[in-house]
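A short write-up of the structure that comes next.
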Amino acid sequence: MSSHLFYIEDLQELFSDVQTQRIFADQKVFPDCLPRFTAPEILEKYRRQQHEPAFDLLEFVKENFILPPNEEFEITVQEENPVIHIQNLWDKLSRRTEAEFSSLIQLPQKFVVPGGRFREFFYWDSYFTMLGLQVSRRIDLIENMVDNFAYLIAEFGFIPNGNRSYFLSRSQPPFFSLMLDLLAEEKGEGCYLKYLPQLKAEYAFWMNGSERLSPAEPAYEHSVRLPEGVLLNRFWDKENTPRPEGYYEDLEIFNHSTTEKADLYRNIRAACASGWDFSGRWFADGQDISTIKTTDLIPVDLNSLLWHLESTLAKCAALAGNGEEQEYYHKKANQRASAIRKYLWNEEKGGYFDYDFKRGLASEAWSMAMAFPLFFGLASEAEAEKVMGHLQTVFLKEGGLLTTPNTTGQQWDAPNGWAPLQWIGYKAAVNYGAVQLAGDIAGNWMATVERVFKTTGKMMEKYNVVDSALAAGGGEYPNQNGFGWTNGVYLKMKMNE
């Protein structure tokens, strides 16, 4: 299916001209356009016409491309009830890829998009969307989406950030093994064996090159070797160029940067691979995106997720009756759990922090990533107690959990709160018996979602959790309506009330 993809690079200078002249307010519009002709034909025409006196670039684009639809959902709010609203949204957010020669990667099954400007699926969003699909008993859609992810792993060797050709250089937080847990709850443990080849392939993608690491070359792609030969992972992108979907912004950051620029674009892209695009969490000075150094950091959330992937592979091996393989993955998971405690736990601050392996120091950035080891039950009771103290005092606000306590103007920082991290924090508290804290996280968050829904009739991508009278802002684009993971987490929390 992937042979009919439209690759942005084929448009050469036409692409950079459209993006740098900013004929669309949103840099994602042009990469999402559907070409009416082949890229060489369009490019040849552009080279011929662009110097004509009456040439109009926007008109040229409209003649040669079909613009993506502007998808604001027109749904009547029923009885002011967000649950009914969400149930009605699932089919509106469902897609089939039919257009060939677009940047959309063709998929065999239906999938659910987040909504708004996001007209494709996103990898880690999909897990939180699935939580709501499970509550809505849309198991068909969960299974469709898992099949699509399995197809992508078979086709490309990994799950891209989203199903676009311009996302094929990176993945996102690896939630595939958690998706299988959800599906197995509905369909039984046979799911694990059905998708075992894909689980193994995803693990191979994240660990690629780890066997070649040495003290002289401690990092390769996602893998990092620490002293004593310990392996942990980082976010990465194969490309070190401006993002097609953020082209102008990336050039601006590059041009204004006064720090080391050699890997600047890759670090911007790696932050997109983290899902947290963007946050002071990734910045050397905690404030300015031009100091971004994502690939220097070993993130708490990513390594907790990879521990789950290793543990799931051990479980699969047990189900398959393969004792040797079970022991292999079990050992890998145990080694990672020890390494997380050694390198990512900060006793002085009483929390889990990313680790800067280049400097051999814990990151200064406080973030909700510290709840991930609790979400997976990896923290000791003493560690969990300290982290939950921080959730209560540093992160929990009237409207839910902050992503970070820092105000940078970036969307993954204060005052914003995001659905996936509410769920991670909520489950972290539940896992360690903090019933009151769990109730407060869920209660504050759901009240925010309901308040905004009542005034706007919309489920939003993110929320201002400090002052619920204000909209969430920051970042490269306006707050979006839809919205996949908000719908999913809201429904799941509502069910657990």
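The values are calculated or read from the model by the stated rules, or taken from the named source; none is laboratory data. Just so it is clear, the structure is predicted and the values come from calculations on it, not from any experiment. Reconstructed Cβ throughout: ideal geometry from the backbone, glycine too, with neighbour counts over all protein chains shown. Just so you know, the surface numbers come from the protein's heavy atoms only, side chains and all, with ligands and any DNA or RNA stripped out. Shrake-Rupley method; radii C 1.70, N 1.55, O 1.52, S 1.80 Å.
The table that follows gives values for the structure above.
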item	result
Sparse-neighbourhood loop sites, trypsin sites (Lys or Arg not before Pro) in region 86-148 - DSSP loop, at most 15 other Cβ within 10 angstrom	Arg96, Arg137
Violating pairs (Cα-Cα greater than 23 angstrom) within the set Lys92/Lys492; Lys110/Lys194; Lys28/Lys397; Lys458/Lys492	Lys28/Lys397
Shape call, region 190-249: gyration tensor on alpha carbons, a/c limit 1.5	oblate
Tilt relative to the chain, helix 300-319 - C-alpha long axis, 0 to 90 degrees, to 10	70 degrees
In degrees, nearest ten, helix 381-390 long axis to first principal axis of the chain (Cα)	50 degrees
Gain on full stretching of the segment that runs from Arg137 to Thr258 - 0.36 nm per residue minus C-alpha separation	38.3 nm
Contact order relative to length of region 330-399, as percent, for alpha carbon pairs under 8 angstrom and 6 or more apart	24 percent
Debye intensity ratio I(q)/I(0), log10, region 335-381, q values 0.13, 0.20, 0.30 Å⁻¹ (C-alpha model)	-0.26, -0.63, -1.29
Principal-axis tilt of helix 39-49 within the chain, Cα atoms, nearest 10 degrees	40 degrees
Unit charges on C-beta of K, R, D, E only; dipole of region 166-239, Debye	160 debye
Within the accessible area of the chain (1.4 Å probe), percent carbon and sulfur	50 percent
Region 255-296 - convex hull of the alpha-carbon atoms, volume per residue in Å³	64 Å³
For the chain, size of Cβ-based charge dipole, Lys and Arg +1, Asp and Glu -1, in debye	620 debye
Calculated from backbone phi, Karplus (6.51, -1.76, 1.60) coupling profile of region 235-246 in Hz, x at Gly/Pro	7, 7, 9, 5, 9, 10, 9, x, 5, x, 7, x
Region 84-186 - percent relative contact order, Cα under 8 Å, separation 6 or more	27 percent
In region 282-366, the GluC sites (Glu not before Pro) that fall in loop regions by DSSP, at most 11 other Cβ within 10 Å	Glu347, Glu348
Segment Lys358-Asp467, extension gain: residue separation times 0.36 nm, minus the distance between their alpha carbons	35.5 nm
Per residue value of the accessible surface for the chain (all protein chains in place, 1.4 Å probe), Å²	38 Å²
Positive-pole candidate from Gln436, Asn406, Ala150, dipole of the chain, charges at beta carbon	Gln436
³J(HN,Hα), Karplus 6.51/-1.76/1.60, whole Hz, each residue of region 284-294, x for Gly, Pro	4, 9, x, 10, 10, 4, 5, 9, 4, 8, 3
Relative contact order of the chain, pairs being alpha-carbon contacts under 8 Å that are 6 or more residues apart, as %	14 percent
Chain lengthening between Lys92 and Ala320 when straightened (0.36 nm per residue, less Cα-Cα)	78.2 nm
